[in-house]
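Novice: The structure's right below; bear with me while I get my questions together.
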Amino acid sequence: MLALLHNRACLLIAAILCAGCSHVTENGGSAGGAHPAWTVPGVARVEIQTEPNTLNPLLARDVPELDVEGAIFDGLVKLDDRGQLVPDLALEVPTRGNGGIAADGVTITYRLHHGVRWQDGAMLTSADVAFTYHALTQSGINSPYTGFYRSYVRSVSTPDPYTVVVRLVKPYAPAVGRLFVATTDGLIVPAHLLAHSANINQDPFNTHPVGSGPFALAHWDHGSDIVLKPFAGHFAGAPHLHEIDFDVVLNQNTVVSMLESHELDVAGVIPAEYETVRKLDGFDVPLVLSTTLRLVSFNLRRPPFDDVAVRRALTLALDRNRISKSTSNGIADPARTLIPPNNWAYADDPGALGFDPQRARATLTADGWIAKPDGIRVKNGHRLAFSIVTYLGTSADHGLPEVLQSAWRAIGADASIRYVPIGLMYGEPGITADGLFDVSLDGFNFDIDPDRANYLEARFDRPNGGNQARYSDPDVLAWSEAALGTYDQSGRKRYYALISARVNRDVPYVPLHWQRFVYVVNSSLKGFKPEPIESDLWNVREWSN
C-alpha cells in the first residue's frame, strides 16, 4: 500500500497486520493506451508520504519503509493484487495438498529457488532465511515482529541450502500468510553482511541495504527522494524499468499539485480529492477496496463503557450507511463486522445492530440513564459525558468525529472530541497503550487471514497487542483458539461466524466502514496492479512505460 494512502503508525497497535481477498476496482480518469508526452521513459516516479527511518526490513515499521524495501528485498511468499499468496523466493506456497504443511500441522517446509543472488553477487541460501529468523528473535533488536515470531515459531532448520523447515509451537492456520511474507514481516536479509553486526539497530546496512530484490538502492537524499536502479541479476529476470524515484511529499495539496504538473506517475490521495484527480488527463484513477477499517473502540475498563447497554445504545445511534458515504466522499463500504464482506470467512449476522435511535434512547432509559433538561442523560449522579480521542491528520474522514458527536448528542450523550498527535495516541507509552481514553476513533489494517485474536483476547490487551478495547470473553477465546488450530477452512469459518455474532452482541468495537484507496497512475505505466494490504510494489519488476 502506498504510504500516502494511510499511515501505518496508526496500525502498528496490532502484532501483525491482516484480512485480504479480491479487490473491487472502479476506474475513472483517462483510459490506458495513450502515452502522455510527459512520461519519462523507463522511469516511475512514486510518491511516499513520509521519510523512511530505515531500509532494514528487520526494523521497518512504517509504510514508506516497507514499500521501498519491497522493491529491494524478497520474501519466501508474497501477496498478489487479488490478495492471494504466491511464491517469491519459495518455489511454491506450502499447503496441506502439496505436502508443504505436514499432517502434524506444526511443520512447514519451503523449497527455495536455486541460483538466487544478493545484489553484491553472493548466493542466497536457506542459511539466510534461518539467519533472518534468528535476527528477528534475538534480544535487543528493535523489531515490531519479534514477539510474533517468538510466540508462534519453535525453530527454523535448514537440511540443505535450498530447504527451509519451520516448526511451529502448535498448529497455527495463518502461519504461511504471516511468516516470511514479503514486505510485512518476512523480507529475507543477508547473513553474510549482518551475522557479525555489533548492533543491528545501528548498523550502516540500515541506510545502505543490499537485498535480492529486482531493484537496488542507488541514492538516498534524506528528506527529498530515494532512487532505485534495476538489479539485472534478479532470479526472476531483470526489471523493465531502469529507475524508480520515490519522492517524499508531506502534504496532500502538494501531491495534487505535482500530479497536475505531471511530476508523479504513481500517487494516492484522500477521498476528498477523488473528483479532482479523476478529471486529470493522462491518468487512471482506480478505487481499490482495502482491508483498512475505520472503527470506534470503547475502553471497557472505564465506566460507563463497562456497561454493555451503554455500548449497544451508542451503536444503535449510528447510521453507518450514511456515515460511510458522507465522511468518505461516497467511496467507502459500510462495515458490520471486523471481517470484510469479501473475505472467505465473512458471515452475515442478522443480530448486528442497525440504526435505531428510538431503540437507543429506550435502551438507555431502561438502564437507568434519565434525560435532564439540557438533554444529557444522568445515572446515579453521573452525566453520560465522555471524550472521543483521535489522531491529527484524519482529513480523509470529512468530519467523522463530529458526526459521531452529533449522533450521540441526539440520544443524550455529551461527547467531546480530542485530537492528538498520532505518536501520542499509539506510541508506548501513549494514550491507547496505557488505556487513557474513553472512546477512540481508529484505523485498523488487517492481513489476509480472518483471525482477530490480536484484537479480542486479553493476552493481547494493549500494549501487548491490538486489543484496544480490553475485551475478554471466554467463548470468544475458545472459538478463536480452535479456529487458529485447524487448517480446515469450513471449520474455521463456522468459528468466525460465532465470534462475529458475539462481538456484535457485546460491541467492544463499532466497525464503521472499509476504506477504498484512491490511486492516481500514469496511464502509460503498464503492469501496475494495486495491492493495498502489504505493498503495491509486489510486482514492480513487471512495471514498464
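Readers should treat all values here as calculations from the given coordinates under stated rules, not as data from a laboratory. Keep in mind the model is a prediction, meaning the values are calculated, not measured. Don't worry about glycine lacking a Cβ; one is built from the backbone with ideal geometry, like all the others, and counts go over all protein chains shown.
Novice: Restricting the calculation to Cα positions, tell me the Rg (one decimal) and the Dmax (whole number) of the chain in Å.
Specialist: 23.6, 77
Novice: Based on DSSP, what percent of beta bridges with both residues in the range 289-516 are antiparallel, to the nearest 5?
Specialist: In the range 289-516, approximately 65 percent of DSSP beta bridges are antiparallel ones.
Novice: Still on this structure, I have one more. When only C-alpha pairs under 8 Å and at least 6 residues apart count, what is the relative contact order of the range 289-516, in percent?
Specialist: 35 percent
Novice: When the scattering of the range 356-444 is computed by the Debye formula from its Cα atoms alone, each counted once and equally, what is log10 I(q)/I(0) at q = 0.13, 0.18 Å⁻¹?
Specialist: -0.51, -0.84
Novice: What percent does the relative contact order of the chain come to when contacts are Cα pairs within less than 8 Å and at least six residues apart?
Specialist: Worked out over the chain, it gives 24 percent.
Novice: Could you name the aspartates and glutamates in cross-link range of LYS372, using Cα to Cα under 15 Å and dropping any fewer than eight places away on the same chain?
Specialist: ASP414
Novice: A further question follows. Given the -39500 (n - 2.57) contribution per DSSP H run of 4+ residues, what per-residue ellipticity at 222 nm results for the chain, rounded to the nearest 500 deg cm²/dmol?
Specialist: -6000 deg cm²/dmol
Novice: Rounded, prolate or oblate: which fits the range 234-288, taking a ≥ b ≥ c as square roots of the Cα gyration tensor eigenvalues, rounded meaning a/c under 1.5, else prolate when a/b beats b/c?
Specialist: prolate
Novice: For the range 95-148, which trypsin sites (Lys or Arg not before Pro) are both in a DSSP coil and crowded by at most 12 other Cβ atoms within 10 Å?
Specialist: Here the trypsin sites (Lys or Arg not before Pro) that fit, given the DSSP loop and packing criteria, are ARG96.
Novice: How much net charge surrounds ALA218 when only other residues with a Cβ under 12 Å from its Cβ are counted (Lys, Arg +1; Asp, Glu -1)?
Specialist: -3
Novice: Over the range 382-504, what lengths in whole Å, largest first, do the semi-axes of the equivalent ellipsoid take, defined as the square roots of 5 times the eigenvalues of the alpha-carbon gyration tensor?
Specialist: After scaling each eigenvalue by five and taking roots: 30, 17, 15 Å.
Novice: Now, a different point. Among LYS78, LYS279, LYS229, which comes first, then next, by fewest other beta-carbon atoms within 10 Å?
Specialist: Arranged by neighbour count, lowest to highest, LYS78, LYS279, LYS229 become LYS279, LYS229, LYS78.
Novice: Kindly write out, for the range 320-337 in residue order, the coupling ³J(HN,Hα) from the Karplus curve 6.51 cos²θ - 1.76 cosθ + 1.60 (θ = phi - 60°), rounded to whole Hz, with x marking Gly and Pro.
Specialist: Going residue by residue, I get 5, 4, 5, 4, 5, 7, 6, 9, 10, 6, x, 10, 9, 10, x, 10, 10, 9 Hz, with x marking Gly and Pro.
Novice: Taking the chain as the reference, fit the longest principal axis to its C-alpha atoms, fit the long axis of helix 63-72 to the helix C-alpha atoms, and give the angle between the two in degrees, 0 to 90, nearest 10.
Specialist: 20 degrees
Novice: How large is ³J(HN,Hα) for each residue in the range 344-354, as worked out from phi by the Karplus curve 6.51 cos²θ - 1.76 cosθ + 1.60 (θ = phi - 60°), to whole Hz, x for Gly and Pro?
Specialist: 4, 8, 5, 9, 5, 10, x, x, 4, 6, x
Novice: Distance between Cα centroids, the range 443-493 to the range 128-167: provide it in whole Å.
Specialist: Spelled out, the Cα-based centre of one part sits 23 Å from the other.
Novice: Order these by the 10 Å Cβ neighbour count, fewest first: ASP120, ASP356.
Specialist: In increasing order of surrounding Cβ atoms, one gets ASP120, ASP356.
Novice: Given the C-alpha atoms of the range 152-281, compute the convex hull and give its volume per residue in Å³.
Specialist: 197 Å³
Novice: A further question on this structure: If you bin the C-alpha pair distances of the range 61-199 every 10 Å from 0, what whole percents do you get?
Specialist: 12, 45, 36, 7, 0
Novice: What do you get for Rg/Rh over the range 289-516 if you use C-alpha atoms and the Kirkwood form of Rh?
Specialist: 0.95
Novice: Any idea what angle helix 400-409 forms with the longest principal axis of the chain, computed on alpha-carbon atoms, 0 to 90 degrees, nearest 10?
Specialist: Approximately 20 degrees, to the nearest 10.
Novice: When DSSP beta bridges are limited to those with both residues in the chain, what percentage is antiparallel, rounded to the nearest 5?
Specialist: Just about 75 percent of them are antiparallel.
Novice: Would you list which lysines come within 26 Å of LYS325, measuring only between C-alpha atoms, while excluding same-chain residues fewer than 8 positions from it?
Specialist: In chain and number order, the partners are LYS279, LYS529.
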